[in-house]
């Protein structure tokens, strides 16, 4: 943030851990200190509006804005809103959302479907049909379950695609080396996802909303394997894209090498073209401008 010319203030805060409840024992001490820090930052900075981008990290600043009667705007990424968004939505001037369906789960005065702001470089394109390059990614940290299914099905995948690009995460480095072969490009990390999306014709991915937003900004068909961690918010994201016609879904428990290959084989050229069209229609490459317009409207500028 400082390198981009913005001031940065940090707060020591922790979220509610649903997967390991014992980690929540320190919250009664952490939350009041975080609120005091949020108040100090807001009082020093004196903002015209506060933007909360979802998750527990926004809570101290948004709570401080509410106490100081400063208008605040929330942005929720998942179809199923998180606890912090649900808690603060009632007092928000506007709640910006990423995917259709979120509005039905919120009690608030106004919801704007803006999409999620993306970094530059995600350019719309028409993917090849039949798909030539298959991109598989489990998110920034990879996904062990997806990795194992991909490596188990790799003999079949390299027969069906000119190239299989697989982002396996740091924990997948050994597996990448073990399964090296022509037609398979295994990577632990991608630092230029826009360029990688520019090569792909079909994507297999977790159902994190930022990844979905990147895929749909390019206009690619997708096979989504929603994660079950953190209370399962990715399930709603996947179902929203399936309903839009842009994706097919494989439940995490059903993901095996056989189901992966069968799902890909079922994607006829006609289906792929329809999914790509629906994906492009769902993409919102101007999301950052939409959120900024909401903020300007709220402060009357």
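The values are calculated or read from the model by the stated rules, or taken from the named source; none is laboratory data. All of these numbers come straight from a predicted model, not from anything done at the bench. Cβ sites come from the backbone with ideal geometry, for glycine too, and all protein chains shown count toward neighbours.
Just a few scattered comments:
For every residue, the table says whether it meets (1) out of contact with any helix residue (DSSP H, G or I) (no Cβ under 9 Å at 6 or more places or on another chain); (2) more than 19 Å from residue 281 (Cα to Cα); (3) modelled with pLDDT under 90; (4) assigned by TED's automatic domain parsing to the domain that holds residue 20.
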residue	(1), (2), (3), (4)
211	no, no, no, no
214	no, no, no, no
219	no, no, no, no
222	no, no, no, no
225	no, yes, no, no
228	no, yes, yes, no
239	yes, no, no, no
242	yes, no, no, no
246	no, no, no, no
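- Some residue of region 114-135 being over 20 Å from residue 205 (Cα atoms), surrounded by 16 or more Cβ atoms within 10 Å (Cβ to Cβ), in contact (Cβ under 8 Å) with a residue 60 or more places away in the chain and touching a strand residue (DSSP E or B) at 6+ places or on another chain (Cβ under 9 Å): yes
- Strands (runs of 3 or more DSSP E) wholly inside region 149-222 containing at least 3 residues that are in contact (Cβ under 8 Å) with a residue 24 or more places away in the chain: 163-167, 202-205
- Hey, residue 258 at pLDDT below 95 and not assigned by TED's automatic domain parsing to the domain that holds residue 51 or not: no
- Residues of region 162-183 that turn out to be out of contact with any helix residue (DSSP H, G or I) (no Cβ under 6 Å at 6 or more places or on another chain), surrounded by fewer than 19 Cβ atoms within 10 Å (Cβ to Cβ) and closer than 18 Å to residue 133 by Cα, as a count: 5
- Only a single item in (1) in contact (Cβ under 8 Å) with a residue 24 or more places away in the chain; (2) crowded, with 21+ Cβ neighbours inside 10 Å is not met by residue 97, and it is number (1).
- Residue that is surrounded by the fewest Cβ atoms within 10 Å (Cβ to Cβ), among those in region 279-301 that are within 18 Å of the chain's Cα centre (by Cα) and more than 15 Å from residue 74 (Cα to Cα): 281
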